[in-house]
Amino acid sequence: MTSRTDEALGYEQARDELIEVVRRLEAGGTTLEESLALWERGEELAKVCRRWLDGARARLDAALAGAGEEAEEESGDSGSGTGTE
């Protein structure tokens, strides 16, 4: 479960902290308890990043869908007199 603090993290903050967690895990030298705590924190941070990325993807998809609808409307109402009938 993510905390309110995690929900307030921006993507870049969560990503940077996740990078640090991974670096510490890869470096080794931590106890089993510390490693488990780092792993759990990394999982939480990865979820925060995933939520940000999913939200960004949804916004892009909505913008692209809106742009596609506008283009269809413009081509349907063209009346540009191209002479193609």
### Summary
Ordering 10-17, 59-66 by per-residue average of other C-beta atoms within 10 angstrom, highest first, gives 10-17, 59-66
### Task
Return the ratio Rg/(2.2 N^0.38 Å) for region 8-78, where Rg is computed over Cα atoms only.
1.82
### Message
If I stretch the segment between A56 and A27 completely, what's the gain in nm (0.36 nm per residue apart, minus their alpha carbon distance), one decimal?
### Response
7.2 nm
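If the chain between S35 and A63 were fully stretched, how many nm would it gain, using 0.36 nm times the residue separation less the Cα-Cα distance?
Answer, rounded to one decimal: 5.9 nm.
Computed from the coordinates by the stated procedures, all read-outs in this text should not be read as laboratory data. Note that this is a predicted model, so its numbers are computed, not measured. Quick reminder, even Gly has a Cβ in these numbers, built from the backbone with ideal geometry, and neighbours come from all protein chains shown.
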